[in-house]
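Since the structure comes first, as structure tokens, the remarks are kept for the end.
The values are calculated or read from the model by the stated rules, or taken from the named source; none is laboratory data. Not measured: the values here are computed from a predicted model. So basically every Cβ, Gly included, is an ideal-geometry build from the backbone, and we count neighbours across all protein chains shown. The accessibility values were calculated without ligands, DNA or RNA, using every heavy atom of the protein model including side chains. Shrake-Rupley method; radii C 1.70, N 1.55, O 1.52, S 1.80 Å.
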Amino acid sequence: MASATATAAAAIAMSVRQLKSSEKQTEATVQETVDALQDAYGLHRGQRRNHTKGVGALGTFVGNPELRKISRSALFSGEELDVVARFSIAGGDPMASDAEKSPRGMALEFRLPGGSLHHMTMLSTPMFFAAVPQTFLDKFIALAIDPATGKPDMAKFKNFESSHPDNVLQTKFLEEYNPPPSYADCAFYGIHAFKFINATDKTTIVKFRFVPQDGEKQLSDAQLSSMPRNFLEQVLMERMSKGPVNWDMIVTIGEPGDPETNPTLLWPGNRRELKAGTLTLTSAMPSDLAGSYKINYDPLVMADGIAPTDDPVLLFRSPSYGTSYTRRIRDL
């Protein structure tokens, strides 16, 4: 994967420059993005426009106080914090097959002392497919359902792939790594770089991921071809009936020159890492019955001590999530 990153980096950088030169970060663009998701997957009233199919979970997080050296966030107080979680499959199809070779998602809402909140939204791929929001919009425009066939025009999608090299690395990852048999067997990546800020206002650029203590597992090709359409929710509930499921939060420390604003590019594998805490989930429930159902997992909901970088995709996600959430709660 590292060699693929190096090979694609120049093409991605050129693509980003071209897209940024024409892109306008406006509310109209946000509306167009949410509309494009609906055009690609259909309108499903009262549901999320992306990562529509999912399952809720509840649990706790205990942060490592050693992390206070680089972040004053209450996440790392060492206290047990309540967490409302949601697992999901990428895309806007509520009937998506659980065996699809598409990203899985994990979203967390941490309930901090004093009533403040902190959100984390993650994927099962260590990189994203879009370096700028325009790539995200263009992908779902290309996947729009053709009324004549009831399916996307794959010629349009192939044109999208050939004209957006920032899409290459995630596509390659999904081709090479089969999805997990359970959300409990999956690592989840923050994909973006973030700023950790300590008590003296020193900033450290980091990335983070959550690694399952049960170990990471993948379905074999034979299993993938024979799995039922719906198994992830039931498997997670069955696993939690046997006991808590734990993930270690791992923070990677960036070095000068590491990409801070492009979520399609990986950092070198030799960066220093710290165990930042343990996530423990104890119960799971169907999405429409879960506390996560009405939560807008806006990734810019951050408590003091953690801040966003200038990553244009990270910054764009907040208004996009807000627009999707507004339509969902209004049953539009």
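Annotation for the stretch 36-75 versus the stretch 79-142: alpha-carbon center distance of 5 Å.
Work out, in µm²/s and without decimals, the Stokes-Einstein translational diffusion coefficient of the stretch 40-127 at 20 °C, 1.002 mPa s, Rh from Kirkwood over C-alpha pairs. Mind showing how you got there, number by number?
Working: Rh = 14.8 Å.
Estimated via Stokes-Einstein, D reaches 145 µm²/s.
List the relative contact order of the stretch 213-295 as a percent without decimals, with contacts defined as Cα pairs under 8 Å and 6+ residues apart.
35 percent
Given the alpha-carbon gyration tensor of the stretch 271-332, what are the semi-axes of its equivalent ellipsoid in whole angstrom, ordered largest first, with each equal to the square root of 5 times an eigenvalue? Before the final figure, lay out each step's value.
On the way: eigenvalues 134, 91, 15 Å².
After diagonalising the Cα gyration tensor, the semi-axes are 26, 21, 9 Å.
Ordering 144-154, 314-324, 240-250 by mean Cβ neighbour count within 10 Å, with the highest value first, yields 314-324, 240-250, 144-154.
Listed by chain and number, the lysines whose C-alpha is less than 24 Å from the C-alpha of LYS202, apart from same-chain residues fewer than 8 away, are LYS69, LYS275. Neighbours of ASP146 by Cβ distance under 13 Å: Lys/Arg scored +1, Asp/Glu scored -1, total 0.
At 1.567 mPa s and 4 °C, plugging the Kirkwood radius over alpha-carbon pairs of the stretch 119-206 into Stokes-Einstein gives what diffusion coefficient in µm²/s?
Details: Rh = 15.7 Å.
It diffuses with D of about 82 µm²/s by this estimate.
When you restrict to C-alpha pairs under 8 Å that are six or more residues apart and normalise by the size of the chain, the relative contact order lands at 25 percent. Excluding same-chain residues fewer than 8 positions from LYS139, which lysines have a Cα within less than 21 Å of its Cα? Result set, ordered by chain and number: LYS20, LYS24, LYS53, LYS101, LYS151, LYS156, LYS158, LYS172. In the elastic network of the chain, a GNM with C-alpha springs shorter than 10 Å, the most mobile of THR135, THR200, THR280 is THR200.
Listed by chain and number, the aspartates and glutamates whose alpha-carbon sits under 14 Å from that of LYS242, ignoring those within fewer than 8 places in the same chain, are ASP214. What the stretch 61-220 shows is 39 Å² of accessible area per residue, with the surface traced by a 1.4 Å probe over protein heavy atoms.
Stokes-Einstein D for the chain at 4 °C, 1.567 mPa s, Kirkwood Rh over Cα pairs, in µm²/s? My calculation gives 63 µm²/s for D.
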